[in-house]
Structures are given as C-alpha cells and as structure tokens.
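The values are calculated or read from the model by the stated rules, or taken from the named source; none is laboratory data. Model, not experiment: these values are computed from the prediction. Because the Cβ atoms are built from the backbone with ideal geometry, glycine has one as well, and the counts that use them run over all protein chains shown. Quick note on the areas: whole protein, heavy atoms, side chains included, nothing else; ligands and nucleic acids left out. Shrake-Rupley method; radii C 1.70, N 1.55, O 1.52, S 1.80 Å.
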Amino acid sequence: MTIPNEISGSINNIRPMSQSANRLMNIVADPEYDCQDIIDVVAMDAVLTAKLLRMVNSVAFGLRVPIDTVARAVPYLGERMIVGVSLGLCASHLYNKPLTGYESEEGALWTHCLRAAIAAREIARYANDKTILDVTYTGGVMHDIGKSVISIYLEGSPRKIVQGADSGKFTDYIEGERQILGTDHCEVGAAVAAHWRLPASLTAVVRHHHEPGNSPQEHRALAYAVHLGEFVAMMGGTGTGADTLMYRIDENYKDYISISAKELELVVFNTGQEYEKIVSAMFDGQETAF
Amino acid sequence: MKTILLGVGDLGVTNKPGEELQAQSLGAGVAVIVADSRTGCIGMDHIALPDSTVSLRRAEEKPGYFADTGIAALLEAMKVFGSNISEGGMIVKLVGGANVMDPNSTFNIGRRNVQAVKEVLWKYGLGPVAEDVGGRVNRTVTVESITGKIRISAPGREAWEL
Ligand SMILES: [Fe+2]
C-alpha cells in the first residue's frame with residue numbers, strides 16, 4: 001500500500017505539534033525518564049498549565065485546598081495523565097472535530113484514544129517485557145490519529161463498510177478503508193507521526209496497532225499492548241463511531257502478554273474507573289475540555 | 001418523552017407514562033430489561049462485568065455494575081413499584097454483550113456477561129423471551145414505560161426494535 005497523493009497532501013498540511021508536546025513525547029519515549037522533566041516542560045507552557053490546574057481543581061478530585069502548581073498536581077493526576085492530557089490539548093484540532101467518515105461525534109476520537117491509553121497501560125502490567133509500561137500510555141493516545149486525516153475521504157462510506165463487515169465481504173473496518181481509499185488509518189497515522197517526527201516506538205505503534213505481529217520486534221510488545229488496549233476501550237463502549245468493535249483481535253498477543261480472563265476483567269474495571277474520573281474532571285463545569 | 005439515562009452500573013425503574021430508560025454505548029456490557037406486564041412498570045440494569053469479586057467495594061456502591069449483584073438489586077428496586085416475581089408476568093429481554101472473537105477466550109467478556117446474566121435469571125425462574133446480543137455492535141438501548149417498547153441504535157446502522 002501507498003498513501004494516495006491527495007491524502008499525503010493533507011498530512012503535509014497538518015500543523016506541527018507544539019514544542020511542549022514534542023518534548024513531552026520524546027521524554028516519555030525514554031523508559032528511564034525523570035518525572036521532573038515532564039513538570040518542567042508543562043510548567044513553562046502557560047496554556048497547558050492553566051488547563052491542567054483547572055482539571056485537578058475540578059470537583060471530580062474533591063480537593064479541599066486548591067492546587068496551584070504543576071508539581072503539586074502530579075500526585076493527583078499522575079504523570080502519565082499529565083502527558084496524555086497535554087498531548088490531547090496540543091492536538092485538539094485533530095482529536096475534537098466530528099469525523100463524518102466514522103459517523104463519530106465531536107470529541108469521540110479523543111475519548112476513545114484516552115480510554116485506550118489507560119487500558120493499554122493497564123494491559124502492559126501483564127506484558128512479559130515491563131520496559132514498555134510508560135510508552136504504552138502515549139502510544140494509546142496517538143494510536144488512531146490517522147482517522148482524523150482520512151475521515152473526510154471516507155465521507156458517505158461508513159454504512160457501506162459496516163454492511164460489508166457484517167456480511168463478511170470485509171473482515172473488518174480496516175479492510176473497508178483499504179478498499180475505498182487504497183490506504184488505512186494505520187498507514188496514514190504513521191505518516192502523521194513521521195510528519196511530527198515522533199520517536200520510532202510511537203510511529204511503530206500507530207503503524208501496527210491493528211496488526212501488531214507485523215511490528216518490528218523491538219516495538220512488538222508495545223504494539224500488542226495498544227492493540228489490546230483499543231479493544232478494552234471499545235468493549236467499554238468508547239469507540240470512535242461506526243467502526244467500533246469492527247476489528248479483529250490478533251490472538252498471538254499471548255506470546256507477549258500473559259493475562260487471564262479474570263485479570264482482564266480487572267483491567268476493564270480499573271480502566272473504566274480511571275477513565276470516568278478523568279472525563280468528569282475534563283468536562284466539569286466547562287463546555288468542552290479544550 | 002422524558003429520557004432517564006443509566007450510566008455504567010446504574011439501574012433504573014419507572015412506571016410513569018411518558019418516561020423512558022436509556023443505556024448508551026453498551027459495548028460488551030449488557031442491559032437487562034424487565035417489564036412487568038401486570039403493572040406497566042419497567043426496569044433496566046446497565047451491567048459492565050459478570051462477577052463482583054473484581055471489586056466488592058464497587059458492588060456495594062453500585063450493585064448494578066455486576067451481573068451477580070445487579071439483577072437482585074433490580075428486582076428489589078421494582079418491588080417498590082409493586083412488581084413481584086412471585087406473581088408472574090415479568091418479561092425479561094437482553095440487549096448488548098458485543099463480543100470480541102478471541103480464540104484464547106480471554107477477551108470474550110460480552111459472551112461471559114450474557115451467560116452470567118442468564119445464570120442469575122434462571123435462579124429466579126426467569127429467562128429472556130428475546131435478546132439482541134453479541135456481534136460487533138456498540139448498542140444504545142431505550143425502553144419505554146407502560147408499553148415496554150425497546151429501540152436499539154448503533155453508529156453506522158439504521159435503528160431497530162426488539
Ligand atoms: Fe485503530
């Protein structure tokens with residue numbers, strides 16, 4: 001597959017990520033990063049700081065004394081959440097528009113990515129390779145970014161793809177995307193990641209999150225964790241739109257992630273709890289999170 | 001029509017004309033719908049997981065979250081509205097339980113949810129007369145009081161009735 005010219009053109013027109021987002025992404029791609037580095041980046045960005053403080057001071061966290069610095073917000077939001085929410089804020093022009101090519105509502109891509117990120121991080125606890133733990137979260141935030149680019153080219157198609165997948169004409173939504181566009185949200189997402197010069201691990205996750213077995217060996221565990229995290233999000237009802245649940249699971253995850261049925265139920269539960277808390281904090285008393 | 005929204009783990013009951021209960025984006029979760037044909041009272045539980053041993057604390061706060069605690073709580077809540085299973089006339093329907101086909105049978109929580117719900121119902125001598133479950137569908141379900149009419153919708157599809 002190659003990306004058609006018209007779509008490549010739209011990728012090149014995507015604004016670069018903000019400097020803060022870029023630095024955060026590079027910090028967390030290093031498994032031995034220091035939390036202080038994250039705090040420093042956010043604290044220097046006034047807009048990000050204001051938004052994060054508004055979140056932590058929302059009723060969802062029920063704090064009696066207001067938090068007024070990023071450093072003091074860390075214990076409540078968690079450093080992963082700070083990174084995830086910051087990335088979402090920096091790319092809100094991509095995450096928050098309604099995606100007609102998926103019949104998705106405004107903000108749905110963001111909530112899907114957020115829930116998948118939380119789930120991927122929970123899943124990663126059961127990975128044989130524990131070094132992937134922190135990158136899984138960022139990988140989850142980024143994994144479906146390609147949808148925001150191809151959506152417009154899929155306009156008018158979601159029902160055809162859903163019918164095709166129901167009748168067995170397509171094995172999944174991805175195949176529908178490929179039939180109609182000659183590319184899919186993974187390939188395009190990876191091109192967006194390259195356009196943003198994201199670290200190789202994150203580009204690999206975006207590229208291979210539906211076919212993690214094709215990922216380069218060094219990023220495969222990460223790709224599987226995000227692959228499963230996306231399923232956990234969709235099982236919890238938080239998909240993007242018409243494509244929700246219309247994907248195939250790669251059963252070979254068991255070679256990288258050892259999780260029992262009961263443990264998965266715990267993952268689903270923990271993910272739901274954390275997701276609901278964050279979402280209510282983001283939307284508390286505001287028209288939109290961004 | 002006044003719509004009462006049931007979040008994950010919430011259960012609701014109404015017998016007021018002009019009211020409906022709605023559970024959105026069920027995913028693998030299951031909506032257990034009980035309609036009392038004698039009184040017109042309807043109840044619904046938005047179940048997320050089969051088994052409360054995952055979090056006994058959650059089960060205490062929100063029994064509706066799990067199949068093994070939710071159905072008892074739903075039937076108890078309907079008693080307040082004069083519905084009693086011993087008098088018969090209870091019609092049960094199930095919606096949701098979208099399933100991920102995992103050959104390792106770890107991710108098939110949708111199917112485990114539906115199975116767990118049925119096992120609890122059988123203990124009460126109840127069973128679903130109709131169900132719209134499984135598949136790769138993220139259902140939203142709405143039930144009308146008095147008539148017990150059920151509408152189902154999902155993104156990318158025309159709405160349908162059960
Ligand atoms: Fe995806």
- request: Check the range A:192-212 and report whether any residue there is open to solvent by 60 Å² or more (accessible area, probe 1.4 Å) and either within 13 Å of chain B (Cβ to nearest Cβ) or within 16 Å of the ligand (Cβ to nearest atom) (or both).
  value: yes
field: Residues located in the range A:142-174, provided they are under 30 Å from A:Met25 (Cα atoms) and over 19 Å from the mean Cα position of the chain (by Cα)
entry: A:Ile152, A:Tyr153, A:Leu154
query: Of all residues in the range A:223-256, which are among the acidic types (Asp, Glu), surrounded by fewer than 24 Cβ atoms within 10 Å (Cβ to Cβ), assigned to a helix (DSSP H, G or I) and more than 8 Å from chain B (Cβ to nearest Cβ)?
result: A:Asp255
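Rundown of residues vs (1) within 9 Å of chain A (Cβ to nearest Cβ); (2) open to solvent by 60 Å² or more (accessible area, probe 1.4 Å), yes/no style:
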| site | (1), (2) |
| --- | --- |
| B:Leu11 | no, no |
| B:Thr53 | yes, yes |
| B:Asp68 | no, yes |
| B:Pro103 | yes, yes |
query: Do you know which residues across the range A:200-216 are assigned to a helix (DSSP H, G or I) and over 17 Å from A:Pro31 (Cα atoms)?
result: A:Val206, A:Arg207, A:His208, A:Pro212, A:Gly213, A:Asn214
- line: Selection from the range B:111-133 of residues surrounded by 16 or more Cβ atoms within 10 Å (Cβ to Cβ) and either within 14 Å of chain A (Cβ to nearest Cβ) or under 12 Å from the mean Cα position of the chain (by Cα) (or both) yields B:Arg111, B:Arg112, B:Asn113, B:Val114, B:Ala116, B:Val117, B:Lys118, B:Leu121, B:Pro128, B:Glu131, B:Asp132, B:Val133
Helices (runs of 4 or more DSSP H) completely within the range A:31-135 that count 1 or more residues being open to solvent by less than 60 Å² (accessible area, probe 1.4 Å) and touching a Phe, Trp or Tyr at 6+ places or on another chain (Cβ under 6 Å): A:46-56, A:79-90, A:92-95, A:108-124
Unique residue being surrounded by fewer than 22 Cβ atoms within 10 Å (Cβ to Cβ), over 30 Å from A:Lys160 (Cβ atoms), within 14 Å of chain B (Cβ to nearest Cβ) and in contact (Cβ under 8 Å) with a residue 24 or more places away in the chain when the list is A:Ser260, A:Ser280: A:Ser280
